[in-house]
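Q: Have a look at this one.
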Amino acid sequence: MITRNGIAVSPGVAVGDALVMGSEDFRIPQRFIPRRIVDQELERLRQALDGVSTEILENERLANEALGQQYGAIFGAHLQMAQDPKLISEVELLIKDRCYSPEFAASRTLRKYARQFQALGNAYFAERAADIYDLEKRILRHLLGEQRESLAELTQPVIVLAHNLTPSETAGLKKDVVLGFATEVGGRTSHTAILAAALEIPAIVGLGPFLADVSGGDTVVVDGTSGEFIIEPDDDTLWRINEVRQKYKSVAARRRQMRDLVSETKDGARISLMGNIEFPQEAEQCEQKGADGIGLYRTEFLYLGRDSIPTEEDHYNAYTEVISAFKDQPITIRTLDLGADKIPGWIRRSYGDDSNPALGLRSIRMSLHDMDMFKTQIRAVLRASVGAKVGIMFPLVSSLLEFRQARLIVREVMEDLEEQKIPFNSEVSLGIMVEVPATVLMAEEFAREVDFFSIGTNDLIQYTLAADRSDPQVAKWHNPADPAIIRMIDMVVKAAKNHDIPVSVCGQMSSDPRCVPLLIGMGIRQISVSPHAIPEIKEVIRNLTIKKAESIAAYAKQQELARDVESFLNRELRKLVPENVK
Ligand code: PEP
Ligand code: MG
């Protein structure tokens, strides 16, 4: 049994068979075969091994010719391994005795040897382990041919283990077959993490290297609430995990009672608690959890997980679905935040690669660059918003000029609709995400022109503290409790107050129960959180008074170090909600 701890990003516990995504994403279709086809499967293995040998010999010849014998010899060693009788008979035995599929038997055996080499802990042996993984890939390629299956085509329940999953891959996961997932990289506010929570799939990211320790079909546990990841748990551990599950269930039952209670502090201050969504279907989920509206609809997910540009009708239908779940309540639709990690291959191809995507042609910059795409979206939002309380929000705005250009486009689209006599909502409010430090510094000027602010702490933290939101190595820098972030939020709140416009927080900071008293104490009265966090955050709000929140904010603002703010907020949360489990 091996236990590791990573960053818990989507709550819940999953126990199941591992599906290890290799760098080539081979999926081993099945673990067992019927006994009657064992001979046939042994023959398939032999043919695959012959194919592998031929391929390696060809590589050896090419390397000899182009680079010289010393390089060709590398493949000589691979060939020896591929033809090693002991290795082959071990794989065959697993097929004959245990009815393992050849893919599973080969992968399991080779990974066992690779792990043994790695455990010897020196660079030479680590290279041999890499050679074995290479051989595993070759064998699997020959066994599976072209029938590699994508994650979207899974049919049996599994726990997906990967070095990384892109937001597009994550968006395509099917909840009924993917019980959970765990990745080596990724941070708390990465889009992959946000999506996992949206799909309600228990998930852990940022575990560091672990794929070498696990084979496809091993039993694994993903505790997406605590961040604990276990390979081949023993019986005692499985028993304990079951108890943890029960505990989570009883907390969830307590929190369900929050649904019909108002989101207000003990002394009666109303805090508008809204949901962040990625998919239209989540609007319903937010409504059921007792949200006051949608504070952030990340529409770029209409583009991910598909291979063509959505039409105006695709946009319109998605927005109509969200609006119908919240008829009289506010809905903030964010225009496309495509770019950085959220970009399907077909769009990337037409724009070329950014050398530094997080600082590249992203979000509102991309929308203003591709007017047709932008106008299509705006038309659909305006049409869908008739009779509803809709705000249009522009992401990653970094200068006043950008906002003015975007506003001009909205006006142009309104004129077109008017000419065409197509009904639309002319009252939509126009606001911006505050997620670039430049925008914070210019908050007073922005507040004169925009209808509302929404602070996107995920990006604001990454750009202020130069800490990539998806890189677990810098997770401790990507910290909402950093005094610099607190000061920035303070500046934005003050500017909003001076110009009498609403300001909310929609980054993951507002889904963190420790940060909510601080935000309220700083004057925030609207927050938008992940749907799963709505009950927990409502519970925190209902246990708080404005006086208490203000004293928490006052103390936090005096601190010089993030770690002092963090431990203070932890202590205060324990006092406010002693039953809080984490
Ligand atoms: C943010 O940056 O805080 C935010 C809410 O936007 P996203 O996470 O979609 O980048
Ligand atoms: Mg953002």
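Q: Checking residue 324 against (1) touching a residue at least 60 places away in the same chain (Cβ under 8 Å); (2) out of contact with any His (no Cβ under 8 Å at 6 or more places or on another chain), which single condition isn't satisfied?
A: (1)
Q: Out of 251, 222, 244, I need the residue that is of a type in the set (A, V, I, L, M, F, W, C), under 23 Å from the mean Cα position of the chain (by Cα) and outside any loop (DSSP other than H, G, I, E, B). Which one?
A: On the way: 251 fails: under 23 Å from the mean Cα position of the chain (by Cα); 244 fails: under 23 Å from the mean Cα position of the chain (by Cα).
Matching residue, one of 251, 222, 244: 222.
Q: Hey, another quick one. Does residue 393 satisfy the criteria of being within 13 Å of ligand 1 (Cβ to nearest atom) and either over 19 Å from residue 496 (Cβ atoms) or of a type in the set (A, V, I, L, M, F, W, C) (or both)?
A: Answer is yes for this residue.
Q: Considering only residues that are β-branched (Val, Ile, Thr) and open to solvent by less than 10 Å² (accessible area, probe 1.4 Å), look in region 436-451 and name the one that is nearest to residue 372 (Cα to Cα).
A: In this case the residue turns out to be 450.
Q: Could I ask something else about it? Can you tell me which residues in region 177-200 are away from ligand 1 (no atom under 13 Å from the Cβ) and farther than 13 Å from residue 225 by Cβ?
A: 177, 178, 179, 181, 182, 183, 184, 185, 186, 199
Q: Another one. Being open to solvent by less than 30 Å² (accessible area, probe 1.4 Å), in contact (Cβ under 8 Å) with a residue 12 or more places away in the chain and on the phi > 0 side of the Ramachandran plot is true for just one of 295, 290. Which residue is that?
A: None of the other options fit; the residue is 290.
Q: Can you name the residue in region 169-188 that is small (Gly, Ala, Ser) and in contact with a strand residue (DSSP E or B) (Cβ under 9 Å, 6 or more places away or on another chain) and, of all such residues, is nearest to residue 476 (Cα to Cα)?
A: 187
Q: Of everything in region 526-551, what is aliphatic (A, V, I, L, M), in a helix (DSSP H, G or I) and over 24 Å from the mean Cα position of the chain (by Cα)? Give them in sequence order.
A: Within region 526-551, 540, 541, 546, 549 meet the criteria.
Q: Show the residue pairs that are 6+ apart or on different chains and have beta-carbon atoms under 8 Å apart, the first residue being within region 391-407 and farther than 12 Å from residue 335 by Cβ, the second being open to solvent by less than 10 Å² (accessible area, probe 1.4 Å) and of a type in the set (Phe, Trp, Tyr).
A: 400/446
Q: Which numbered condition in (1) surrounded by 15 or more Cβ atoms within 10 Å (Cβ to Cβ); (2) over 12 Å from the mean Cα position of the chain (by Cα); (3) not β-branched (Val, Ile, Thr) is the only one that residue 174 fails?
A: (1)
Q: What residue, among those in region 222-249 that are open to solvent by less than 70 Å² (accessible area, probe 1.4 Å) and of a type in the set (S, T, N, Q), is nearest to residue 108 (Cα to Cα)?
A: 237
Q: Please specify each residue of region 470-521 satisfying the condition of being of a type in the set (Gly, Ala, Ser) and assigned to a helix (DSSP H, G or I).
A: 484, 495, 496, 510, 511, 521
Q: Between 243, 232, which is in contact with an Asp or Glu (Cβ under 9 Å, 6 or more places away or on another chain) and among the acidic types (Asp, Glu)?
A: 232
Q: Would you pick out the residues in region 552-572 that are over 29 Å from the mean Cα position of the chain (by Cα) and among the hydroxyl-bearing types (Ser, Thr, Tyr)?
A: 555
Q: Restricting the search to region 452-467, which residues are assigned to a loop (DSSP other than H, G, I, E, B), within 14 Å of ligand 1 (Cβ to nearest atom) and surrounded by fewer than 19 Cβ atoms within 10 Å (Cβ to Cβ)? Give the derivation first.
A: Taking region 452-467 as the starting set, the residues that turn out to be assigned to a loop (DSSP other than H, G, I, E, B) are 456, 466-467.
Within this subset, residues satisfying the condition of being within 14 Å of ligand 1 (Cβ to nearest atom) are 456, 467.
Listed by number, the list holds a single entry, 467.
Q: Could you tell me whether residue 210 is closer than 30 Å to residue 130 by Cα, surrounded by 16 or more Cβ atoms within 10 Å (Cβ to Cβ) and either aromatic (Phe, Trp, Tyr) or outside the structural domain of residue 19 (by TED's automatic domain parsing) (or both)? I'd like the intermediate steps shown before the answer.
A: Values: closer than 30 Å to residue 130 by Cα: yes; surrounded by 16 or more Cβ atoms within 10 Å (Cβ to Cβ): yes; either aromatic (Phe, Trp, Tyr) or outside the structural domain of residue 19 (by TED's automatic domain parsing) (or both): yes.
Spelling it out, residue 210 is indeed closer than 30 Å to residue 130 by Cα, surrounded by 16 or more Cβ atoms within 10 Å (Cβ to Cβ) and either aromatic (Phe, Trp, Tyr) or outside the structural domain of residue 19 (by TED's automatic domain parsing) (or both).
Q: Still on this model: Here is a list of conditions, (1) open to solvent by less than 10 Å² (accessible area, probe 1.4 Å); (2) modelled with pLDDT under 90; (3) farther than 20 Å from residue 109 by Cα; (4) not in a helix (DSSP H, G or I), and residue 188 meets all of them except one; can you say which number that is?
A: With respect to (1) open to solvent by less than 10 Å² (accessible area, probe 1.4 Å); (2) modelled with pLDDT under 90; (3) farther than 20 Å from residue 109 by Cα; (4) not in a helix (DSSP H, G or I), residue 188 is out only on (1).
Q: Does residue 434 satisfy being assigned by TED's automatic domain parsing to the domain that holds residue 525, within 15 Å of ligand 1 (Cβ to nearest atom) and over 17 Å from the mean Cα position of the chain (by Cα)?
A: yes
Q: Further question on the same structure: So which of 480, 578 ends up being of a type outside the set (Asp, Glu), free of Cβ contacts under 8 Å to residues at least 40 places away in the same chain, within 16 Å of ligand 2 (Cβ to nearest atom) and open to solvent by 10 Å² or more (accessible area, probe 1.4 Å)? Let's see the steps before the verdict.
A: Values: 578 fails: within 16 Å of ligand 2 (Cβ to nearest atom).
Selected residue: 480, the only one of 480, 578 that is of a type outside the set (Asp, Glu), free of Cβ contacts under 8 Å to residues at least 40 places away in the same chain, within 16 Å of ligand 2 (Cβ to nearest atom) and open to solvent by 10 Å² or more (accessible area, probe 1.4 Å).
To keep it simple, each residue is scored yes or no on (1) in the same structural domain as residue 182 (by TED's automatic domain parsing); (2) over 22 Å from residue 8 (Cβ atoms); (3) touching a Pro at 6+ places or on another chain (Cβ under 9 Å).
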site: 481; (1), (2), (3): no, no, no
site: 488; (1), (2), (3): no, yes, yes
site: 502; (1), (2), (3): no, yes, no
site: 511; (1), (2), (3): no, no, no
site: 521; (1), (2), (3): no, yes, no
site: 528; (1), (2), (3): no, no, no
site: 532; (1), (2), (3): no, no, yes
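Q: Only helices (runs of 4 or more DSSP H) wholly contained in region 319-435 count here; list those with 1 or more residues that are out of contact with any helix residue (DSSP H, G or I) (no Cβ under 9 Å at 6 or more places or on another chain) and surrounded by fewer than 23 Cβ atoms within 10 Å (Cβ to Cβ).
A: Here the list reads 345-351, 371-384, 400-419.
The values are calculated or read from the model by the stated rules, or taken from the named source; none is laboratory data. As the structure is a prediction and not an experimental result, all values here were calculated from the model. All Cβ positions, glycine included, derive from the backbone under ideal geometry; neighbour counts span all protein chains shown. Remember, those area values only see protein heavy atoms, side chains included, never the ligands or the DNA or RNA. Shrake-Rupley method; radii C 1.70, N 1.55, O 1.52, S 1.80 Å.
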